[in-house]
Amino acid sequence: SEATRTMDFDSLARTDGLKCREETPTVLTEHYKDRDDFLEKRIVNYTKRVKKFGPAEGNEKPINQITEYYARDTSLAADDDIAELTFLLNEEKMFIKHHLQDERIISSTHEYLKPVQNEDKGQVQITTDMVTSFQVERQAKSPKLIHIYNTIMNLLSREEKCVETVRASEQEVRDILECRTQEELTTELSVSIYDTARNDTAKKRREELERKRKDDEARREEMELDYLAPFLARIGDPSKMTAELAQQLRDDCLKDLKDRLVDMANLIQGRFEKETQQLQWKQNWYQQNQTTMTKEEEEQYVSYCSEAMFKIHILEERLNRHKELAPQKYVSLESKLMSDSRLAEFLN
């Protein structure tokens, strides 16, 4: 609901260091403490919500602007240390304000325009006129195209993660409110052990639910593919199961899954390493030839890096996802084998 509320948290008990969240219909403000990245505050400004029919989760509040405020990191020069980072989502801009240098009354600032992405190739077009800067130091050099490209790509990644964080915060608020509502509505009555009529009714209800659960599980098992079929076929579909056969079937089934998981991981890893090596070679080539390159060659290099990094990012996500799911798939199959009615008697 679009109300005004304040939620206080124990920052030491949270991994994100959040200590306070203030919410109004148009502004969400979060205060942080003792974070490694020096983030102190995030302010999210929303535009007016367009009412839609359908589930509430499909009608998220549109974000207009997100501003993050950072404490001073003394390990960095003031001109390299971000004080404010603003994402203007509706205007397709990103704004950086650095910390004040000593004996200065104004900070360096940079405003970046978002590039338009080529949907066919996953590339972005970067040019030098996509950044507007104010440098406190007059002798500061204008950034090269490759520096602008790296900065914009980094900001785009940070914006995406920032929006995900905001949406996660909104979901956390909804979860907390839902939990509070359930706590207020749910009242559990204590039934005396001497109240046999009511306890007997509750017992029958539990038994009915348990029978229904078992029936549902049995139907799901019948619908699942028989994972033992190909391995039983290899040994001639024996009419009688023995402990030795049961152990052999279990081992063969698990080994087959493990081999397929390893092959898939090696395939993705090989593609990832190949793309990474090619990008590294191109970057080394650029370092050796950047002083003699034409503007067209530099633009071609930036375009190549954009496409290569896009491919590497996709492969890295696939590999991480595979590594995350592989152990779960192995444990799940092992559990199914141990509980399979044809093997359970000999394996347990």
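Laboratory data are not the source of any read-out in this text; all were calculated from the coordinates shown. This structure is a prediction, so every number in the text was calculated from the model and none was measured. Counting neighbours? That spans all protein chains shown, and the Cβs are built from the backbone with ideal geometry, glycine included.
What are the residues whose amide H is under 5 Å from the amide H of Gln125, where those residues sit 5 or more places off or on another chain and H is modelled from the backbone?
Those lying under 5 Å, H to H, from Gln125 are Val116, Asn118.
For the chain, what's the relative contact order in percent, using C-alpha pairs closer than 8 Å and at least 6 residues apart?
8
Please quote Rg/Rh for the chain to two decimal places, taking the Kirkwood radius as Rh and restricting both calculations to Cα atoms.
Rg/Rh for the chain comes to 1.10.
For the chain, what does -39500 (n - 2.57) per DSSP helix run (n ≥ 4), summed and divided by total residues, give at 222 nm, in deg cm²/dmol to the nearest 500?
-17500 deg cm²/dmol, from helical runs alone.
Cross-link candidates for Lys144: which lysines have Cα within less than 18 Å, leaving aside residues fewer than 8 places away along the same chain?
Lys114, Lys282, Lys295
How much net charge surrounds Ile43 when only other residues with a Cβ under 12 Å from its Cβ are counted (Lys, Arg +1; Asp, Glu -1)?
Around Ile43, the surrounding residues sum to -3.
Just the Cα atoms of the stretch 212-348, one point each, no solvent: what log10 I(q)/I(0) does Debye give at q = 0.11 Å⁻¹?
With one equal scatterer per Cα and no solvent, log10 I(q)/I(0) is -0.62.
Among Met153, Gln182, Ile63, pick out the residue whose Cα is farthest towards the positive end of the charge dipole of the chain, where Lys and Arg carry +1 and Asp and Glu carry -1 on C-beta, about the Cα centre.
Gln182
Hey, what do the phi angles of the stretch 84-96 turn into as Karplus ³J(HN,Hα) couplings, whole Hz, using 6.51/-1.76/1.60 and θ = phi - 60°, x for Gly and Pro?
Those phi angles translate into 9, 10, 10, 10, 9, 5, 6, 8, 6, 10, 9, 10, 10 Hz.
Please enumerate, by chain and number, the lysines with C-alpha under 18 Å from the C-alpha of Lys48, excluding those fewer than 8 residues away in the same chain.
Answer for Lys48, where 18 Å is the Cα cut-off: Lys61, listed by chain and number.
Explain nothing, just compute: Karplus ³J(HN,Hα) = 6.51 cos²θ - 1.76 cosθ + 1.60, θ = phi - 60°, for every residue of the stretch 98-115 in order, whole Hz, x for Gly and Pro.
After applying 6.51 cos²θ - 1.76 cosθ + 1.60, I find 8, 6, 6, 6, 4, 6, 10, 10, 9, 9, 6, 9, 9, 10, 10, 8, 6, x Hz.
Within 10 Å of each candidate Cβ there may be at most 10 other Cβ atoms; applying that plus a DSSP loop requirement, which GluC sites (Glu not before Pro) in the stretch 1-39 survive?
Glu2
For Cys20, enumerate residues with amide H under 5 Å from its amide H, sequence gap 5+ or separate chain, H modeled in the peptide plane.
Under 5 Å from the amide H of Cys20: Phe9, His31.
Would you mind giving the average projected area, over all directions, of the Cα convex hull of the stretch 257-329 in nm² with one decimal?
Mean shadow area of the hull around the Cα atoms is 5.0 nm².
Can you spot the aspartates and glutamates whose alpha carbon is less than 19 Å from Lys93's alpha carbon? Ignore those fewer than 8 places along the same chain.
Qualifying aspartates and glutamates at Cα under 19 Å: Glu68, Glu84, Glu111, Asp129, Glu159, Glu160, Glu164.
With θ set to phi - 60°, apply the Karplus curve 6.51 cos²θ - 1.76 cosθ + 1.60 along the stretch 319-327 and write out the HN-Hα couplings as whole Hz, x wherever there is a Gly or Pro.
5, 5, 5, 5, 5, 6, 8, 4, x
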